[in-house]
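Each remark here refers to the structure printed beneath this line.
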Amino acid sequence: MTGHGPRAADLAARYAGRSHPARLIGEACRSAVRGEYSVGLTLGADGGHGQRVSLSAAGELAGPGESLQISLGEGPCVQALYRGGPVAVDDVEVADEARQWPVFARRAREHGIRALYALLARTGFTSDRSAAVVLTLYRDRAGPASTADLDVAQTHAAAADILLFSPPAGPSSGQGGENPDDAWLVPSHAVIHQAVGMLSYRNSISPGRALSLLRAHALARDTDPVLLAHAVVHENLDLPGPPGPSADGPPRG
(Lines give C-alpha, C1' and ligand atoms only; values in the text may rest on other atoms or scores of the structure.)
Protein backbone atom coordinates (compact mmCIF):
# COMPACT_ATOMS: atom_id res chain seq x y z
CA MET A 1 0.00 0.00 0.00
CA THR A 2 1.54 3.29 -1.04
CA GLY A 3 0.71 6.96 -1.05
CA HIS A 4 -0.96 7.08 2.35
CA GLY A 5 1.03 10.11 3.48
CA PRO A 6 -0.40 12.79 1.14
CA ARG A 7 -3.91 11.32 1.18
CA ALA A 8 -3.86 10.97 4.96
CA ALA A 9 -2.64 14.55 5.36
CA ASP A 10 -5.51 15.81 3.20
CA LEU A 11 -8.00 13.76 5.22
CA ALA A 12 -6.55 14.99 8.52
CA ALA A 13 -6.81 18.60 7.35
CA ARG A 14 -10.51 18.06 6.67
CA TYR A 15 -11.14 17.29 10.35
CA ALA A 16 -8.55 19.55 11.99
CA GLY A 17 -10.16 21.72 14.67
CA ARG A 18 -13.41 19.73 14.63
CA SER A 19 -14.95 18.32 17.79
CA HIS A 20 -14.37 14.57 18.31
CA PRO A 21 -12.09 14.13 15.27
CA ALA A 22 -11.44 10.42 15.90
CA ARG A 23 -15.14 9.68 15.89
CA LEU A 24 -15.52 11.55 12.61
CA ILE A 25 -12.60 9.69 11.02
CA GLY A 26 -14.02 6.34 12.15
CA GLU A 27 -17.40 7.17 10.64
CA ALA A 28 -15.76 8.46 7.46
CA CYS A 29 -13.77 5.24 7.10
CA ARG A 30 -16.91 3.15 7.52
CA SER A 31 -18.58 5.14 4.74
CA ALA A 32 -15.54 4.99 2.46
CA VAL A 33 -14.92 1.23 2.46
CA ARG A 34 -16.93 -0.80 -0.01
CA GLY A 35 -17.51 -3.77 2.27
CA GLU A 36 -19.88 -3.74 5.24
CA TYR A 37 -17.60 -3.15 8.23
CA SER A 38 -17.72 -1.60 11.64
CA VAL A 39 -14.67 0.51 12.46
CA GLY A 40 -12.78 0.97 15.72
CA LEU A 41 -9.85 3.26 16.52
CA THR A 42 -7.63 2.45 19.50
CA LEU A 43 -4.71 4.27 21.10
CA GLY A 44 -1.91 2.32 22.76
CA ALA A 45 -0.82 4.97 25.23
CA ASP A 46 2.38 3.89 26.96
CA GLY A 47 5.78 2.48 26.09
CA GLY A 48 4.61 -1.13 26.20
CA HIS A 49 1.19 -0.17 24.85
CA GLY A 50 -0.29 -1.73 28.00
CA GLN A 51 -2.65 1.19 28.42
CA ARG A 52 -5.20 1.18 25.62
CA VAL A 53 -8.20 3.45 25.13
CA SER A 54 -10.88 3.45 22.45
CA LEU A 55 -11.01 6.59 20.33
CA SER A 56 -13.89 5.66 18.04
CA ALA A 57 -16.45 2.88 17.55
CA ALA A 58 -18.50 3.25 14.36
CA GLY A 59 -21.02 0.53 13.59
CA GLU A 60 -22.79 -2.23 15.50
CA LEU A 61 -19.78 -4.51 15.97
CA ALA A 62 -17.13 -1.93 16.86
CA GLY A 63 -18.43 -1.11 20.34
CA PRO A 64 -18.35 -4.71 21.60
CA GLY A 65 -15.10 -5.42 19.76
CA GLU A 66 -13.28 -2.41 21.23
CA SER A 67 -14.61 -3.01 24.74
CA LEU A 68 -13.60 -6.68 24.68
CA GLN A 69 -10.04 -5.92 23.61
CA ILE A 70 -9.62 -3.22 26.26
CA SER A 71 -11.19 -5.20 29.10
CA LEU A 72 -9.50 -8.52 28.25
CA GLY A 73 -6.15 -7.13 27.14
CA GLU A 74 -6.07 -9.41 24.09
CA GLY A 75 -7.22 -9.44 20.47
CA PRO A 76 -6.04 -8.31 17.03
CA CYS A 77 -5.53 -4.66 17.99
CA VAL A 78 -3.41 -5.65 21.00
CA GLN A 79 -1.40 -8.05 18.84
CA ALA A 80 -0.86 -5.39 16.16
CA LEU A 81 0.54 -3.01 18.78
CA TYR A 82 2.99 -5.58 20.11
CA ARG A 83 3.91 -6.90 16.66
CA GLY A 84 4.30 -3.47 15.13
CA GLY A 85 2.34 -4.47 12.05
CA PRO A 86 -1.08 -5.53 10.71
CA VAL A 87 -3.11 -8.51 11.92
CA ALA A 88 -5.67 -10.10 9.57
CA VAL A 89 -8.17 -12.70 10.77
CA ASP A 90 -10.46 -13.92 7.99
CA ASP A 91 -12.45 -16.20 10.32
CA VAL A 92 -12.19 -16.12 14.13
CA GLU A 93 -13.52 -19.70 14.26
CA VAL A 94 -10.62 -21.26 12.36
CA ALA A 95 -7.75 -18.77 12.03
CA ASP A 96 -4.44 -19.61 13.70
CA GLU A 97 -4.13 -15.98 14.80
CA ALA A 98 -7.34 -16.21 16.84
CA ARG A 99 -6.00 -19.18 18.82
CA GLN A 100 -3.57 -16.77 20.47
CA TRP A 101 -6.50 -14.99 22.17
CA PRO A 102 -9.17 -17.67 22.75
CA VAL A 103 -11.25 -15.70 25.26
CA PHE A 104 -11.57 -12.71 22.94
CA ALA A 105 -12.33 -14.98 19.96
CA ARG A 106 -15.12 -16.75 21.85
CA ARG A 107 -16.64 -13.53 23.14
CA ALA A 108 -16.32 -11.89 19.70
CA ARG A 109 -18.27 -14.73 18.11
CA GLU A 110 -21.00 -14.25 20.72
CA HIS A 111 -21.34 -10.66 19.49
CA GLY A 112 -21.51 -11.74 15.84
CA ILE A 113 -17.93 -10.81 14.91
CA ARG A 114 -16.45 -13.26 12.37
CA ALA A 115 -13.57 -11.40 10.70
CA LEU A 116 -11.20 -8.67 11.90
CA TYR A 117 -8.40 -6.60 10.41
CA ALA A 118 -6.19 -4.49 12.68
CA LEU A 119 -4.02 -1.89 10.94
CA LEU A 120 -1.27 0.01 12.76
CA ALA A 121 -0.86 3.63 11.69
CA ARG A 122 2.66 4.13 10.37
CA THR A 123 2.64 7.88 9.65
CA GLY A 124 5.48 9.41 11.62
CA PHE A 125 5.94 6.16 13.58
CA THR A 126 9.34 5.72 15.21
CA SER A 127 10.66 2.97 17.43
CA ASP A 128 10.99 5.29 20.43
CA ARG A 129 7.55 6.86 20.20
CA SER A 130 5.52 5.89 23.25
CA ALA A 131 2.07 5.64 21.63
CA ALA A 132 0.44 4.33 18.47
CA VAL A 133 -2.96 4.26 16.76
CA VAL A 134 -4.64 1.09 15.47
CA LEU A 135 -7.71 1.00 13.23
CA THR A 136 -9.68 -2.26 13.34
CA LEU A 137 -12.26 -3.39 10.79
CA TYR A 138 -14.97 -5.73 12.16
CA ARG A 139 -17.25 -7.84 9.96
CA ASP A 140 -20.10 -10.28 10.63
CA ARG A 141 -19.07 -12.77 7.93
CA ALA A 142 -15.89 -14.69 7.27
CA GLY A 143 -13.61 -14.08 4.30
CA PRO A 144 -10.66 -11.87 3.31
CA ALA A 145 -10.92 -8.11 3.08
CA SER A 146 -10.28 -6.54 -0.30
CA THR A 147 -6.99 -4.77 -0.97
CA ALA A 148 -8.94 -1.61 -1.78
CA ASP A 149 -10.76 -1.62 1.56
CA LEU A 150 -7.54 -2.25 3.50
CA ASP A 151 -5.90 0.61 1.62
CA VAL A 152 -8.77 2.97 2.51
CA ALA A 153 -8.65 1.87 6.14
CA GLN A 154 -4.87 2.37 6.33
CA THR A 155 -5.24 5.92 5.02
CA HIS A 156 -7.86 6.73 7.66
CA ALA A 157 -5.65 5.21 10.39
CA ALA A 158 -2.80 7.44 9.23
CA ALA A 159 -5.08 10.50 9.25
CA ALA A 160 -6.08 9.80 12.85
CA ASP A 161 -2.41 9.39 13.74
CA ILE A 162 -1.53 12.75 12.17
CA LEU A 163 -4.30 14.55 14.03
CA LEU A 164 -3.60 12.90 17.37
CA PHE A 165 0.15 13.44 17.41
CA SER A 166 0.14 16.82 15.63
CA PRO A 167 -2.91 18.49 17.21
CA PRO A 168 -3.97 21.79 15.64
CA ALA A 169 -3.00 24.88 17.60
CA GLY A 170 -5.21 27.89 18.07
CA PRO A 171 -8.49 28.92 19.64
CA SER A 172 -10.48 26.17 17.91
CA SER A 173 -8.81 23.46 20.05
CA GLY A 174 -10.71 22.37 23.15
CA GLN A 175 -13.53 24.87 22.83
CA GLY A 176 -16.18 24.89 25.48
CA GLY A 177 -13.76 23.87 28.24
CA GLU A 178 -13.52 20.31 26.94
CA ASN A 179 -10.34 18.44 27.77
CA PRO A 180 -8.73 18.00 24.32
CA ASP A 181 -7.30 14.60 25.30
CA ASP A 182 -10.63 13.23 26.54
CA ALA A 183 -12.36 14.68 23.46
CA TRP A 184 -10.60 11.97 21.45
CA LEU A 185 -12.07 9.15 23.49
CA VAL A 186 -15.30 7.24 23.08
CA PRO A 187 -17.39 8.80 25.91
CA SER A 188 -17.71 5.51 27.80
CA HIS A 189 -13.95 4.98 27.64
CA ALA A 190 -12.98 8.50 28.74
CA VAL A 191 -13.92 7.42 32.25
CA ILE A 192 -11.45 4.50 31.98
CA HIS A 193 -8.75 7.00 31.04
CA GLN A 194 -9.64 9.06 34.13
CA ALA A 195 -9.82 6.06 36.45
CA VAL A 196 -6.42 4.82 35.30
CA GLY A 197 -4.93 8.19 36.20
CA MET A 198 -6.52 8.13 39.66
CA LEU A 199 -5.42 4.55 40.38
CA SER A 200 -1.92 5.32 39.14
CA TYR A 201 -1.65 8.23 41.56
CA ARG A 202 -3.28 6.51 44.54
CA ASN A 203 -1.12 3.38 44.28
CA SER A 204 2.10 4.97 42.95
CA ILE A 205 2.13 2.69 39.90
CA SER A 206 2.48 3.23 36.17
CA PRO A 207 -0.61 3.82 34.00
CA GLY A 208 -0.11 0.39 32.41
CA ARG A 209 -0.16 -1.34 35.80
CA ALA A 210 -3.15 0.78 36.86
CA LEU A 211 -5.09 -0.41 33.82
CA SER A 212 -4.14 -4.01 34.59
CA LEU A 213 -5.36 -3.48 38.16
CA LEU A 214 -8.70 -2.15 36.91
CA ARG A 215 -9.06 -5.11 34.52
CA ALA A 216 -8.21 -7.62 37.26
CA HIS A 217 -10.84 -6.22 39.63
CA ALA A 218 -13.43 -6.11 36.83
CA LEU A 219 -12.81 -9.78 35.99
CA ALA A 220 -12.87 -10.77 39.67
CA ARG A 221 -16.17 -8.96 40.18
CA ASP A 222 -17.56 -10.12 36.81
CA THR A 223 -18.44 -6.54 35.90
CA ASP A 224 -17.85 -4.22 32.99
CA PRO A 225 -14.56 -2.25 33.35
CA VAL A 226 -16.41 0.91 32.27
CA LEU A 227 -18.87 0.57 35.17
CA LEU A 228 -16.04 -0.09 37.60
CA ALA A 229 -14.10 2.90 36.28
CA HIS A 230 -17.18 5.06 36.76
CA ALA A 231 -17.34 3.97 40.41
CA VAL A 232 -13.66 4.82 40.89
CA VAL A 233 -14.05 8.30 39.40
CA HIS A 234 -17.52 9.34 40.53
CA GLU A 235 -18.15 7.27 43.68
CA ASN A 236 -14.60 7.33 45.08
CA LEU A 237 -14.36 3.53 45.00
CA ASP A 238 -11.01 2.40 46.36
CA LEU A 239 -9.55 -0.64 44.60
CA PRO A 240 -6.83 -2.47 46.55
CA GLY A 241 -3.49 -1.93 44.86
CA PRO A 242 -0.78 -4.49 44.12
CA PRO A 243 0.79 -6.03 47.23
CA GLY A 244 4.20 -4.98 48.53
CA PRO A 245 6.24 -1.84 47.81
CA SER A 246 5.71 -0.18 44.45
CA ALA A 247 8.28 -0.80 41.75
CA ASP A 248 7.37 2.46 40.09
CA GLY A 249 8.78 4.86 42.66
CA PRO A 250 8.35 5.99 46.25
CA PRO A 251 4.87 6.48 47.70
CA ARG A 252 3.34 9.88 47.18
CA GLY A 253 2.63 11.86 50.28
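The values are calculated or read from the model by the stated rules, or taken from the named source; none is laboratory data. Quick caveat: nothing in here was measured; it's all calculated off a predicted structure. Positions of Cβ are backbone-derived with ideal geometry, glycine not excepted, and every protein chain shown enters the neighbour counts. Keep in mind that these areas ignore ligands, DNA and RNA; they rest on the heavy atoms of the full protein, side chains included. Shrake-Rupley method; radii C 1.70, N 1.55, O 1.52, S 1.80 Å.
Tabulated values for the structure
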item	result
All helices (runs of 4 or more DSSP H) inside the range 55-124 with 3 or more residues being open to solvent by 60 Å² or more (accessible area, probe 1.4 Å)	102-110
Candidate set: the range 15-51, residues that are out of contact with any Leu (no Cβ under 7 Å at 6 or more places or on another chain) and modelled with pLDDT under 90; chosen: the one farthest from S71 (Cα to Cα)	G17
Some residue of the range 56-79 being under 13 Å from A132 (Cβ atoms) and touching a Leu at 6+ places or on another chain (Cβ under 6 Å)	no
Long-range neighbours under 8 Å by Cβ, at least six apart or interchain, first residue of a type in the set (V, I, T) within the range 82-111, second in a helix (DSSP H, G or I) and open to solvent by 10 Å² or more (accessible area, probe 1.4 Å)	V87/Q79; V87/E97; V89/E97; V92/R109; V103/L72
Residue tally, condition within 19 Å of G59 (Cβ to Cβ) and touching a strand residue (DSSP E or B) at 6+ places or on another chain (Cβ under 7 Å), over the range 93-122	7
Matching residues in the range 102-128 - criterion: being within 16 Å of R83 (Cβ to Cβ) and at pLDDT below 90	A121, R122, F125, S127
Some residue of the range 146-166 being modelled with pLDDT of 95 or more, part of a loop (DSSP other than H, G, I, E, B) and either aromatic (F, W, Y) or exposed (fewer than 15 other Cβ atoms within 10 Å of the Cβ) (or both)	yes
